[in-house]
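The values are calculated or read from the model by the stated rules, or taken from the named source; none is laboratory data. Predicted, not measured: the structure shown is a model, and the values here were computed from it. Cβ coordinates were reconstructed from backbone atoms using ideal geometry, including for glycine residues, and neighbour counts include every protein chain displayed.
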Amino acid sequence: MNFDPVSEAKRIEGEIIAWRRDFHMHPELGYEEERTSRIVEEHLREWGYSIKRVGTGIIADIGRGEKTIALRADMDALPIQEENDAPYKSKIPGKMHACGHDAHTAMLLGAAKIIAEHKDELNGRVRLIFQPAEEGGNGAVKMIEGGALEGVNAIFGFHVWMDLPSGIIGIREGPFLAGAGIFGGEIIGKGGHGASPHETVDPIPIAAETVLAFQTIVSRNVPPIETGVVSVTSVHGGRAFNVIPEEVEFRGTFRFFKPEIGGLIQRRMREILEGLTKAHGAKYELNIEELTPPTINSKEMADFARKVAGKYGLKYGEVQPTMGAEDFTFYLQKVPGAFLALGIRNEEKEIIYPHHHPRFNVDEDVLYLGTAMEVALAFEFLR
Ligand SMILES: [Zn+2]
Ligand SMILES: [Zn+2]
C-alpha cells in the first residue's frame, strides 16, 4: 500500500461526520432502510463499485484477484424517541440511531471511498456488505442467502463501543458477544373461586415455583466457570381478587457463550416445567426460540487485526465480552473473521449513555479511525 490509511481517513473526516449526521437525522427501522441504502448505493456506484441488491441491503465489490475480504456495516435504527438536543438529532418521531449503526454506515462509506481511490493497488477483491435489520431482524442471514459470502476468505465488522475510551480499537479473540434466545409459555391449571382452592388447580403458585426454579439453572446447573443468563421478564395471570385464573403466561430471555450451555438451559427449562406441572396436576406450554448464536472471533483474524492496528499506529486494546448479542455471528459461522469495537466513550463531551438509551451518542471525532482500520485491514489482507 503506497499511502497511509490514517491520514487518508483524516482527510475525509468531514465527509464521514456529515454522512453520519445525515443518517442520524433520518433513522429507518430494520428492513425499511430505503433512504439510507439509496444514498449508500449512489455513492458506491459513483466510485465504481459493482452492486448487488438484497432488499434494502447492498453487496458491493471492487477489485479482482484470488482473495476476497469482506467488510460489513449495519444500517438500521431503533424504535426509540431521541432525547439528545444536537442540531443533527433525529427528525423522525419515535425512531433513533441509538446503537451507532449510523456511524458504522458512515465509517464504511469512508473506507469505500478511499479503497476506490486506490483500487489500482488492490491485490484482490474487497466486498462491502451494508446490511439491514441487525436489531432483532437477523438481516445478516438474508445477506448470506443473497450471496454476501460467496468467495469470501475473511470478514470484519465494527461496532462503536460505549465501554471503551474514545479512539481505542477493541480486539478480542474467542467469545465476544453472547448467544441469545427467547422463551414464552403458559402454565395451564383449572380456574375457580378464590375461596375454594381445593376445587381448582391454581397456576399461580406453580408459576411462582417455576420462576424460582429457573433461577437455579444458572446457579445450580451451569458449571460455575461457565456463564449464562436466564431472565423471566414478564408474568401475567388473573384479574380479580377472588378468582383463581385458568392460566399464567410468562416470557423471558436467555443468554450463553457456549452452544452446549444454551442447550443445557433449554433442556432444564423444559424439565422444570414438566416436573412442577406434573407434581401439581397442571399442564404447560413452552416455546423456545434461539435467535442468535454467540459471536466468536477467530484467533488468527484477531491476531491479524492487532498486527494491522499496530503497524499503522492505531491504539488498540482488549475489549470485555458482553451478554448482548449480534447477528454478525452468522457471517463468522461461515468464514473466519473478527468483530471489532471502536471506543466512543468521552466523559468530557457527556458521551456516556449506553447503547439503546435515548441519550446515546458517539464521539464523532474518532470515526475516521474506524475508517482507517477498515482500509488497512483490506489492503493488508490482500497483500
Ligand atoms: Zn443495538
Ligand atoms: Zn448495534
Segment 223-254: number of residues that are touching a Lys or Arg at 6+ places or on another chain (Cβ under 9 Å), within 17 Å of ALA178 (Cα to Cα) and crowded, with 16+ Cβ neighbours inside 10 Å: 4
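Could you go through segment 56-70 and let me know if any residue there is away from ligand 1 (no atom under 16 Å from the Cβ), part of a helix (DSSP H, G or I), closer than 19 Å to GLU15 by Cβ and β-branched (Val, Ile, Thr). Walk me through how you get there before you give the answer.
Taking segment 56-70 as the starting set, the residues that turn out to be away from ligand 1 (no atom under 16 Å from the Cβ) are 56-70.
Restricting the remaining residues to those that are part of a helix (DSSP H, G or I) gives none.
The answer is no; no qualifying residue exists.
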Some residue of segment 143-153 being of a type in the set (Val, Ile, Thr), more than 16 Å from ligand 1 (Cβ to nearest atom), at pLDDT 95 or above and within 25 Å of ILE288 (Cβ to Cβ): yes
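Which residue, of GLU348, GLU290, is away from ligand 2 (no atom under 15 Å from the Cβ) and either in contact (Cβ under 8 Å) with a residue 40 or more places away in the chain or in contact with a Lys or Arg (Cβ under 8 Å, 6 or more places away or on another chain) (or both)? Before the answer, list the steps.
Values: GLU348 fails: either in contact (Cβ under 8 Å) with a residue 40 or more places away in the chain or in contact with a Lys or Arg (Cβ under 8 Å, 6 or more places away or on another chain) (or both).
Only one candidate qualifies: GLU290.
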Residue match in segment 104-115 (condition: crowded, with 18+ Cβ neighbours inside 10 Å, among the hydroxyl-bearing types (Ser, Thr, Tyr), under 22 Å from the mean Cα position of the chain (by Cα) and modelled with pLDDT of 95 or more): yes
Listing of helices (runs of 4 or more DSSP H) fully contained in segment 289-383 that carry 2 or more residues being under 18 Å from the mean Cα position of the chain (by Cα): 329-332
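Each row is one residue, and each column tells you yes or no for (1) of a type in the set (Phe, Trp, Tyr); (2) surrounded by 20 or more Cβ atoms within 10 Å (Cβ to Cβ); (3) touching a Leu at 6+ places or on another chain (Cβ under 7 Å).
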{"position": "LEU128", "(1), (2), (3)": "no, yes, yes"}
{"position": "GLU134", "(1), (2), (3)": "no, yes, no"}
{"position": "GLY139", "(1), (2), (3)": "no, yes, no"}
{"position": "MET143", "(1), (2), (3)": "no, yes, no"}
{"position": "GLY146", "(1), (2), (3)": "no, no, no"}
{"position": "LEU149", "(1), (2), (3)": "no, yes, no"}
{"position": "PHE158", "(1), (2), (3)": "yes, yes, yes"}
{"position": "ASP163", "(1), (2), (3)": "no, no, no"}
{"position": "ILE168", "(1), (2), (3)": "no, yes, no"}
Pairs where the first residue, in segment 313-337, is under 24 Å from GLY147 (Cβ atoms) and the second is of a type in the set (Gly, Ala, Ser) and more than 16 Å from ligand 1 (Cβ to nearest atom), C-beta under 6 Å, 6+ apart: PRO336/ALA154; PRO336/SER298; GLY337/ALA154
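Quick one: would you say PRO165 is touching a Phe, Trp or Tyr at 6+ places or on another chain (Cβ under 9 Å) and farther than 27 Å from ALA240 by Cβ? Quick ask: steps written out before the conclusion?
Values: touching a Phe, Trp or Tyr at 6+ places or on another chain (Cβ under 9 Å): no; farther than 27 Å from ALA240 by Cβ: yes.
Judged against the criteria, PRO165 is not a match.
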